[in-house]
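**Student:** Just passing along the structure, written as structure tokens.
The values are calculated or read from the model by the stated rules, or taken from the named source; none is laboratory data. Values in this document were obtained by computation on a predicted structure and should not be read as measured data. Positions of Cβ are generated from backbone atoms using ideal geometry, with glycine treated the same way; all protein chains shown enter the neighbour counts. SASA here: full protein model, heavy atoms, side chains in, ligands and nucleic acids out. Shrake-Rupley method; radii C 1.70, N 1.55, O 1.52, S 1.80 Å.
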Amino acid sequence: MGTRIVGIGRGVPKKVLTNADLEKIVDTTDDWITDRTGIKERHIAEEGVVTSDMAAEAAREALARAEVKAEDLDCIIVGTVTPDMPMPATAAFVQQKIGAKSCPAFDISAACAGWLFGLGIGDALIQRGPFKRVLVCGVELLSRVLDWTDRNTCVLFGDAAGAAVLVPEERKDRGILDVEMRTDGAQAMHLSIPGGGSAHPASHETVEQKLHLVHMNGRQIFTHAVRNMSSASATVLERCGYRASDVTTVFAHQANMRILEGVSQRTGIPMERFYINIHKYGNTSSASVPIALSEALDEGRVNDGDLLLLTALGAGVSWASALVRW
């Protein structure tokens, strides 16, 4: 028995922050951002909206498309590094907001790779346990943990959520064929939010030092993203007996166009097969891959039998790739 994705949904704030808007608040230009990232705009959550609100919106859409009732869910997994609060899990709030029953609901922290980690865990639960319907959300409200005076980070990220419903798949060579997940903790501090945990508990000093905001070594993350997303993608293809030329569409984490071009070169999969929406959303971290898949489905760009390659890298550094026969 395998696992199949039967419903995809997204929750995206209505407020749009364009590159032209950013020119007014930080030392940058539309040309500078576009040339280095491919981003033209991103969505920002309104005041009063919390992470679980966006996740619940995406979850409701995914459930409706899957024709699955929230009360029938066996598990809820939320990938996020911007939870509503340190505890309880954001998944608990999502469970309550969508009307699910007392199924297990928990968060995972793998940043941009969070949804793919959740996909791997959900797949394992269905294949090895009594679970029949698993909801996997990837959601980030990064606008509230950015240094809006740092043009190297604040121009990159946006707020959004993506969600998928997983169910058992009986057909051979269909559904989720393989998931590769890895973390290299030696690289952990290249992308982090240092403050707020036990290492640097919240205080006036940590706030003044901006330790509760995103810190990123962009050069190092770029290098690890291209290398590790490509390597993990090659791994799942080889294990499943496929070649790069067999892939119909690549849904890679929408972090930077240059990263996507690097992955294309390393894997040998032409850019024409990469689904691109970074210009509209920026880097939405764990929401990135499910949002791209959701949009592609709406546009009729995913068809029965297509071989899909999903890949992402985030803080940890953590990365994952999945191969899916739709």
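**Student:** Quick one: what pairs do we get from segment 165-177, first residue closer than 18 Å to Glu67 by Cβ and of a type outside the set (D, E, K, R), second part of a strand (DSSP E or B) and open to solvent by 30 Å² or more (accessible area, probe 1.4 Å), C-beta under 8 Å, 6+ apart or different chains?
**Tutor:** Val165/Val6; Leu166/Arg4; Leu166/Val6; Val167/Arg4; Val167/Val6; Pro168/Arg4; Gly175/Arg4; Gly175/Arg325
**Student:** Among the residues of segment 114-144, write down those that are modelled with pLDDT of 95 or more and open to solvent by 30 Å² or more (accessible area, probe 1.4 Å).
**Tutor:** Phe117, Ile121, Ala124, Leu125, Phe131, Lys132, Arg133, Arg144
**Student:** Follow-up. For segment 85-113, name all the residues that are assigned to a loop (DSSP other than H, G, I, E, B) and open to solvent by 10 Å² or more (accessible area, probe 1.4 Å).
**Tutor:** Listed by number, the residues that qualify are Met85, Pro86, Met87, Pro88, Ala89, Gly99, Ala100, Lys101, Ser102, Cys103, Pro104, Ser109.
**Student:** How many of the residues making up segment 147-172 are out of contact with any strand residue (DSSP E or B) (no Cβ under 6 Å at 6 or more places or on another chain), open to solvent by 10 Å² or more (accessible area, probe 1.4 Å) and not in a helix (DSSP H, G or I)?
**Tutor:** 8
**Student:** Could you check segment 284-320 and list, in sequence order, the residues that are over 16 Å from Glu140 (Cβ atoms) and in a loop (DSSP other than H, G, I, E, B)?
**Tutor:** Passing the criteria: Glu299, Gly300, Arg301, Val302, Asn303, Asp304, Gly305, Asp306, Val317.
**Student:** Here's something else I'd like to know. Name the strands (runs of 3 or more DSSP E) wholly inside segment 13-84 in which the number of residues that are in contact with a Phe, Trp or Tyr (Cβ under 9 Å, 6 or more places away or on another chain), of a type in the set (A, V, I, L, M, F, W, C) and crowded, with 16+ Cβ neighbours inside 10 Å is 1 or more.
**Tutor:** Filter on segment 13-84 gives 75-79.
**Student:** Cβ-Cβ distance below 8 Å, separation of 6 or more or different chains: which pairs start in segment 17-43 with a residue that is under 13 Å from Asn256 (Cβ atoms) and end on one that is part of a loop (DSSP other than H, G, I, E, B) and open to solvent by 30 Å² or more (accessible area, probe 1.4 Å)?
**Tutor:** Ile33/Lys40; Thr34/Lys40; Gly38/Ile276
**Student:** Okay, moving on. Taking the conditions exactly as written (crowded, with 24+ Cβ neighbours inside 10 Å and among the polar types (S, T, N, Q)), does Ser245 satisfy them or not?
**Tutor:** Details: crowded, with 24+ Cβ neighbours inside 10 Å: no; among the polar types (S, T, N, Q): yes.
In short, no.
**Student:** Also: If Arg10 meets every condition in (1) crowded, with 19+ Cβ neighbours inside 10 Å; (2) over 22 Å from Asp298 (Cβ atoms); (3) of a type in the set (D, E, K, R) apart from one, which number is that one?
**Tutor:** The single condition Arg10 does not satisfy is (2).
**Student:** Do you know which residues across segment 303-314 are surrounded by fewer than 24 Cβ atoms within 10 Å (Cβ to Cβ) and either under 11 Å from Val250 (Cα atoms) or among the hydroxyl-bearing types (Ser, Thr, Tyr) (or both)?
**Tutor:** Result: Asp306, Leu307, Leu308.
**Student:** Within the bounds of segment 263-270, is there any residue that is open to solvent by 30 Å² or more (accessible area, probe 1.4 Å), assigned to a loop (DSSP other than H, G, I, E, B), farther than 18 Å from Asp184 by Cβ and in contact (Cβ under 8 Å) with a residue 12 or more places away in the chain?
**Tutor:** yes
**Student:** Another one. Sort through Glu67, Glu23, Glu57, Glu41 and tell me the only one that's under 21 Å from Leu293 (Cα atoms) and touching a helix residue (DSSP H, G or I) at 6+ places or on another chain (Cβ under 8 Å).
**Tutor:** Numbers: Glu67 fails: touching a helix residue (DSSP H, G or I) at 6+ places or on another chain (Cβ under 8 Å); Glu23 fails: under 21 Å from Leu293 (Cα atoms); Glu57 fails: touching a helix residue (DSSP H, G or I) at 6+ places or on another chain (Cβ under 8 Å).
Selected residue: Glu41, the only one of Glu67, Glu23, Glu57, Glu41 that is under 21 Å from Leu293 (Cα atoms) and touching a helix residue (DSSP H, G or I) at 6+ places or on another chain (Cβ under 8 Å).
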